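The values are calculated or read from the model by the stated rules, or taken from the named source; none is laboratory data. Owing to the predicted nature of the structure, the values given are computational and were not obtained by experimental measurement. Reconstructed Cβ throughout: ideal geometry from the backbone, glycine too, with neighbour counts over all protein chains shown. Quick note on the areas: whole protein, heavy atoms, side chains included, nothing else; ligands and nucleic acids left out. Shrake-Rupley method; radii C 1.70, N 1.55, O 1.52, S 1.80 Å.
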Amino acid sequence: MVPVLVSSKLKSLLIPLTRVVVFTGAGISAESGVPTFRGQNGLWNEFRVEDLATPQAFAAHPQQVWEWYSWRRELISKITPNQGHSAVAHFERFFSSFCLVSQNVDGLHDRAGNQRILKLHGDIWEVRCISCGLRRMDFRPVLSPLPPRCECGGMLRPGVVWFGEMLPSDVFERAVRETQSCDLFFSVGTSAEVFPAAQLPGIARQHGAYVVEVNIERSAAAHVAHEVLLGKAGEILPELSACLRGALAGPGSELAG
Ligand code: OAD
């Protein structure tokens, strides 16, 4: 593992009073074993969005759509958050103003300990009734029979945002407000190809935040970043987390113990 070179500018911002937003995508969960959507072995290379992740697909083939979500729920239920998720949970405890905005539906940030998460694309563990609108969490990996039914008799759908659907507007508006008012914005493990979420790094930059991308390769939003830290989120974020501990210990702490 190559040590991350943390610039003096970034180091100077790793103090409790800095207002921080962390924006995450599928790449932060890749090291836990959750497939990403694009790139090598990406889900969208193997499956068609039109068959599985649109309201039209669900209307035409609810069982087929549910089988795919069931497969993903089962896969996610067997894995654990990685060191990248743990570092983000540490950020939430360290910075007095902190917001996590995630495109991920896998629930791994919750399991790592983050309490306040703006989930732009919903949550794979939520089920929603298409008749009465009831929403609830259901953490059983496999629901049977498929498609599952609500107490009212209506069909349940996964509580995720599909292509062609609007993001929950209150959640997106809060994410934009947090992004507009932060000092430091991290874009982690996202290709930044899906809008409107992908606007956030640019909004952060326009409003004066210092923008840092963490990715194994430059994303579509890399051009708005002040710094791109190339490498795995599960390696880079823990190094930044260690800098936070250093910031609390203060100068000279490296001589202690
Ligand atoms: P993508 O699959 O588009 O992008 C994953 C990103 O993670 C890529 O830029 C990779 O280079 C990077 N990456 C992979 N492994 C990494 C690692 N170990 N550390 C750091 N970076 C790594 O996933 P998203 O950007 O999240 O939408 O995709 C956005 C949306 O598209 C998803 O929320 C989903 C999808 O279709 C919906 O379901 C609505």
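With all protein chains present and a 1.4 Å probe, how do Phe47, Phe185 order by accessible area, largest first?
Per-residue accessible area, sorted high to low, gives Phe47, Phe185.
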Checklist entry - How many percent of the accessible area of the chain is carbon or sulfur, using a 1.4 Å probe? => result 53
Checklist entry - Once phi is turned into ³J(HN,Hα) by the Karplus curve 6.51 cos²θ - 1.76 cosθ + 1.60 with θ = phi - 60°, what whole-Hz value does each residue of the stretch 103-119 show in order, with x for glycine and proline? => result 8, 7, 10, 7, x, 6, 5, 4, 5, 7, x, 5, 9, 10, 10, 8, 9
Item to check | Projected-area average for the stretch 130-257 over all orientations - Cα convex hull basis, square nanometres | outcome: 12.3
Checklist outcome for this item: Applied in sequence order to the stretch 26-35, the curve 6.51 cos²θ - 1.76 cosθ + 1.60 (Karplus, θ = phi - 60°) yields integer Hz couplings, x standing for Gly and Pro, of 4, x, 6, 9, 4, 6, 7, x, 8, x
Next on the checklist: Skipping prolines and chain starts, which residues have an amide H placed within reach, meaning under 5 Å, of the one on Val101, given they are 5 or more residues away or on another chain?
Outcome noted: Val22, Phe23, Thr24, Leu118
Item to check | Surface/4 estimate of mean projected area, convex hull on alpha-carbon atoms of the stretch 15-124, nm² | outcome: 7.3
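Roughly how large, in nm² to one decimal, is the mean projection of the convex hull of the alpha-carbon atoms in the stretch 95-177?
6.6
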Checklist outcome for this item: For Arg19, the residues 5 or more places away or on another chain with a placed amide H closer than 5 Å to its own amide H are Asp183, Leu184
Next on the checklist: Suppose all protein chains stay in the model; what accessible area per residue would a 1.4 Å probe give for the stretch 44-102, in Å²?
Outcome noted: 46
Checklist entry - For a label point 7 angstrom out from the Cα of Gln64 toward its Cβ, which stretches of the stretch 16-42 have the backbone nitrogen within less than 14 Å? => result none
Checklist entry - Which ³J(HN,Hα) values in Hz, rounded to whole numbers, follow from the phi angles of the stretch 79-93 under the Karplus curve 6.51 cos²θ - 1.76 cosθ + 1.60, where θ = phi - 60° and Gly and Pro get x? => result 10, 10, x, 10, 5, x, 4, 4, 5, 5, 5, 5, 4, 4, 6
Checklist entry - What list of whole percents do you get for P(r) of the chain, with Cα-Cα distances grouped in 10 Å bins up to the one holding the largest distance? => result 7, 30, 34, 19, 8, 2, 0
Next on the checklist: Loop-only trypsin sites (Lys or Arg not before Pro) in the stretch 11-75, please: DSSP not H, G, I, E or B, and at most 13 other Cβ atoms within 10 Å.
Outcome noted: Arg48
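Ordering Cys132, Cys150, Cys243 from largest to smallest accessible area (1.4 angstrom probe), what's the sequence?
I get Cys132, Cys243, Cys150, largest accessible area first.
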